[in-house]
1. Would you tally the residues in region 98-118 being more than 15 Å from residue 257 (Cα to Cα) and part of a helix (DSSP H, G or I)?
2. Return yes when residue 62 is surrounded by 13 or more Cβ atoms within 10 Å (Cβ to Cβ), part of a helix (DSSP H, G or I) and modelled with pLDDT under 80 and no when it is not.
3. For region 187-259, which helices (runs of 4 or more DSSP H) that fit wholly inside it have 2 or more residues that are closer than 30 Å to residue 125 by Cα and either without any contact (Cβ under 8 Å) to a residue 24 or more places away in the chain or in contact with a Cys (Cβ under 7 Å, 6 or more places away or on another chain) (or both)?
4. Any idea which of 141, 75 is more than 20 Å from residue 230 (Cβ to Cβ), in contact (Cβ under 8 Å) with a residue 12 or more places away in the chain, of a type in the set (S, T, N, Q) and in the same structural domain as residue 235 (by TED's automatic domain parsing)?
5. So for region 271-280 (the condition being outside any helix (DSSP H, G or I), surrounded by fewer than 17 Cβ atoms within 10 Å (Cβ to Cβ) and either touching a helix residue (DSSP H, G or I) at 6+ places or on another chain (Cβ under 9 Å) or in contact (Cβ under 8 Å) with a residue 40 or more places away in the chain (or both)), does at least one residue qualify?
6. Could you tell me whether residue 94 is hydroxyl-bearing (Ser, Thr, Tyr), surrounded by 12 or more Cβ atoms within 10 Å (Cβ to Cβ) and not in a helix (DSSP H, G or I)?
Amino acid sequence: MGCSKCYLIVFNTIFLLFGGGCLAGGIFILLDKSEILVLTRSATSSLNVDDVVTPSLLESAAYVFIGLGGFVFITALMGFCGACCENNKCLIIYIVIVVTILLGQGTAVVLSIVYKNEFETYARDNLKALQQSRYKGPYDTSDIISLAFDVVHIYFQCCGVDSGSEYASISNWNTTYAYDSGGGNYVLGNATIPATCCEFSNTGAFPSDLTGFLNSMVNTTCPITQADSYYSKGCYESIKDRFSQYFNIVIGVGAGIGGLELLGIIAACCLLKKEKDEKEDDKI
C-alpha cells in the first residue's frame with residue numbers, strides 16, 4: 001500500500017508539472033502573441049510569411065496546449081489528491097479517466113493498423129493533388145506549399161511524390177532554366193525536373209540565398225538532362241523511410257507510457273481496496 005501511494009504521488013507530480021507547463025505556455029502565447037509574431041516574422045521574413053495565417057496557427061497551437069495541459073493537470077490532480085488524502089472519489093475519477101485514455105490509445109493503435117493502407121493511399125493522392133495545383137518552381141517562394149515541396153526535395157534528397165517524371169504533366173510551374181555552359185556563356189533551356197531535385201553542395205543557402213544555392217549545383221545541366229546527380233527516388237517513399245526509422249522508438253515510448261498508466265490504475269485500485277478493508281474492519 002505504501003508503494004502504491006508513493007507511486008501515485010510521484011507519477012502524478014510529474015504530470016502535474018507537465019500539465020501546468022502546457023497551460024502556462026498556451027496562455028503565454030495568447031496573451032503575448034504580438035511579440036511572438038514579431039520574432040517569428042523577423043526570423044522567417046524571406047519566406048513571405050504574410051502569405052501564411054501565422055496568428056491563426058499560433059492561436060490554434062495555444063488552444064491545443066491549454067486543452068491538453070488542462071486535461072493532464074486535472075487528471076494528475078485527481079490521482080495526486082486521491083493518493084495523498086486517500087480520497088475515494090478522487091481515486092475513482094482518476095481510474096475512470098486513465099482507463100478511458102488507455103482504451104483510446106488501444107483503439108488508435110488498432111485503427112492505425114486496420115486503415116494503414118487506406119491512409120497511405122489517401123496521403124499519396126493528396127500530395128499529388130497539391131503538387132499539381134500548387135507547385136510553382138524553385139524560383140517562387142511566395143507559396144508555402146510550393147516551397148515545402150522544394151524543401152523536401154533538398155533535405156530528403158528526392159524528387160516528386162513518386163518520381164521526377166510527374167513534373168512533365170504539371171503545366172503551371174516555371175520550367176525556365178539558364179545555366180553557364182562555360183566562360184560565362186549562359187544557355188536558356190526548359191527544365192524537365194525542378195532544380196531542387198538535383199544535388200547541391202550548399203543546401204543551407206535555400207531559400208534565403210537562391211543565387212548562392214543555384215551556383216552550388218553539382219551538375220549545372222541536371223534540371224534539363226536529369227544527369228547522375230538527380231535524385232530519382234520519390235519523396236513519399238523517402239519520407240516514409242525516414243519516419244519508419246523512428247517508428248520503434250515511438251512504439252516503445254507509447255508502450256512505456258501505457259505501462260505507467262496501467263501501474264497507476266493498479267495502484268489506485270490497491271488504495272481503494274485498502275480503504276474498503278479498513279471500513280469492513282471497523283464494522284467488525
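The values are calculated or read from the model by the stated rules, or taken from the named source; none is laboratory data. Just so it is clear, the structure is predicted and the values come from calculations on it, not from any experiment. Neighbour counts run over all protein chains shown; Cβ positions are idealised from the backbone, glycine included.
1. From region 98-118, those more than 15 Å from residue 257 (Cα to Cα) are 107, 110-118; that's our starting set.
Then drop every residue that is not part of a helix (DSSP H, G or I), which leaves 107, 110-114, 116-118.
Count: 9.
2. Values: surrounded by 13 or more Cβ atoms within 10 Å (Cβ to Cβ): yes; part of a helix (DSSP H, G or I): yes; modelled with pLDDT under 80: yes.
In short, yes.
3. Values: elements: 210-215, 222-225, 235-245.
Those helices (runs of 4 or more DSSP H) span 222-225, 235-245.
4. Testing whether each residue is more than 20 Å from residue 230 (Cβ to Cβ), in contact (Cβ under 8 Å) with a residue 12 or more places away in the chain, of a type in the set (S, T, N, Q) and in the same structural domain as residue 235 (by TED's automatic domain parsing) leaves just 141.
5. No, that holds for no residue.
6. Working: hydroxyl-bearing (Ser, Thr, Tyr): yes; surrounded by 12 or more Cβ atoms within 10 Å (Cβ to Cβ): yes; not in a helix (DSSP H, G or I): no.
So residue 94 does not fit the description; no.
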